[in-house]
Amino acid sequence: MKKILVTGGAGFIGSNLIRMMLSEHEGYEVVNLDVLSYSGNLENLTGCEGDPRYSFIKGDVSEPDTAASAIEGCDAVLHLAAESHVDRSITGPRPFVVANTLGTQTLLEAWRQAQGGEGAPFVYISTDEVYGSLPLENPEVRFTEDSPIVPSSVYSASKAAGDHLAHAYHHTYGMDVRITRCSNNFGPYQFPEKVIPLFVTNLMEGRKVPLYGDGLNVRDWIHVDDHARGILATLERGKAGEVYNLGSDNERSNLELTHMILDIMGTGKDMIEHVEDRLGHDRRYAIDSSKAQRELGWQAERSAWPDGLEKTVQWYRDNEEWWRRVKSGAYREYYEKQYGVR
Ligand code: NAD
Ligand code: DAU
């Protein structure tokens, strides 16, 4: 049995990952370290609490004593804890640097102190956003692991700083650090500030969907289960010091995505509300994940789109109580501030 520390396990990707680790892999025991910020929700893990292979610690990765005690006895770390939403990083940058940069360094340092030398694997869950933005004009160009790191939002800059620190701990101390850089995830339990659950739940509430700018920005959409499998493939078959891009070859403009959601929901285009563009809005992300395919034997499942999108919409339809609770209280304040709507 391998005891794995998952940080940020009460969030969207972390909770899907933990559920997969417990249900599909008998050899993992999971310790979930999460501070339960606005996007951390233990309801995302309903059903896991009773599993003897699962335990939860409420705590902050940027706090050295918490990090040190959480990693005790662990055989590996999957570090997902982060402030994750670009729009929030525009209105309030500081928490991003604390959680994503200082938090990553604190956890790396705790792992180094506990392990010494190369130690056991530490997987840093980075993002394709560290590569910055691609123009729309050259659709054949995609990010490879050797592309320059030129992040353009505070979110991506704070993640890129964590990414550089992860590399530095490998280079300087010889630690077994591995990095994944994945594209845009979708699936169940995603916090409804991100575009897909925001649009789906808005439509269910009879509200319009706020499309930024001209709607031509492009994202490569990957199902969260594919990302979770990619993280586990990195843990099981990755190598120290290596970076693995994880993408789905599934580039869609926001306009195309919005039309698909409207179609699935059976609503008309009049539900689109064109709103002001995001400041510094990255135009296009596109990921070349051939290295992960070659070296990890990992590939996103092609069936995830549009089938996975339809199933995801159905999940939000079937789990109205979950998102209505999430969208109440402080969320209303956030939404009103973000979009100026009541
Ligand atoms: P999320 O916001 O849903 O979850 C983040 C979790 O981290 C929450 O449970 C939160 O409580 C926890 N957390 C935040 N700060 C913490 C701290 N200081 N200490 C302990 N826990 C803390 O985000 P997500 O979409 O699940 O993203 C998870 C990770 O994956 C992030 O590192 C993100 O950068 C990365 N990522 C996300 C995507 C995506 O499309 N969502 C794509 C690539 C990479
Ligand atoms: O690429 C990986 C990244 O994907 C992750 O690292 C981030 O954690 C994750 O949040 C996501 O970042 P994006 O900024 O791409 O995701 P978001 O869902 O916020 O926006 C997707 C696109 O939709 C983006 O071009 C902005 C647009 N958008 C978003 C919102 C919230 C809108 O048009 N309207 C909206 O209301």
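The values are calculated or read from the model by the stated rules, or taken from the named source; none is laboratory data. What you see is a predicted model, and the numbers here were worked out from it, not measured in a lab. In this analysis, Cβ positions are derived from the backbone assuming ideal geometry, glycine residues included, and neighbour counts consider all displayed protein chains. The area values use the complete protein model at the heavy-atom level, side chains included, leaving out ligands, DNA and RNA. Shrake-Rupley method; radii C 1.70, N 1.55, O 1.52, S 1.80 Å.
Structure notes:
- So Arg94, is it at pLDDT 95 or above and more than 13 Å from ligand 2 (Cβ to nearest atom): yes
- Residues of the stretch 134-151 classified as within 15 Å of ligand 1 (Cβ to nearest atom) and either part of a loop (DSSP other than H, G, I, E, B) or more than 20 Å from the chain's Cα centre (by Cα) (or both), total: 3
- Every listed requirement among (1) near ligand 1 (Cβ under 9 Å from one of its atoms); (2) farther than 23 Å from Pro121 by Cα is met by Ser15 save one, (2).
- Residue match in the stretch 67-75 (condition: of a type outside the set (D, E, K, R) and within 10 Å of ligand 1 (Cβ to nearest atom)): yes
- The stretch 188-229, residues that are assigned to a helix (DSSP H, G or I) and either near ligand 1 (Cβ under 10 Å from one of its atoms) or of a type in the set (A, V, I, L, M, F, W, C) (or both): Val195, Ile196, Leu198, Phe199, Val200, Leu203, Met204, Val224, His227, Ala228
- Filtering Leu107, Leu102, Leu78 for residues that are within 20 Å of the chain's Cα centre (by Cα), in a helix (DSSP H, G or I) and under 17 Å from Ala10 (Cβ atoms) leaves a single hit, Leu107.
- Look at the stretch 33-49: where a residue is at pLDDT 95 or above and a partner is surrounded by fewer than 16 Cβ atoms within 10 Å (Cβ to Cβ) and β-branched (Val, Ile, Thr), sitting 6+ places away or on another chain with Cβ atoms under 7 Å, you get Leu33/Ile57.
- Considering the stretch 51-74, the residues that are acidic (Asp, Glu) and touching a residue at least 40 places away in the same chain (Cβ under 8 Å) include one that is least open to solvent (accessible area, probe 1.4 Å), namely Asp60.
- Check on Phe143, aromatic (Phe, Trp, Tyr), closer than 24 Å to Asn16 by Cα, in contact with a strand residue (DSSP E or B) (Cβ under 6 Å, 6 or more places away or on another chain) and open to solvent by less than 20 Å² (accessible area, probe 1.4 Å): no
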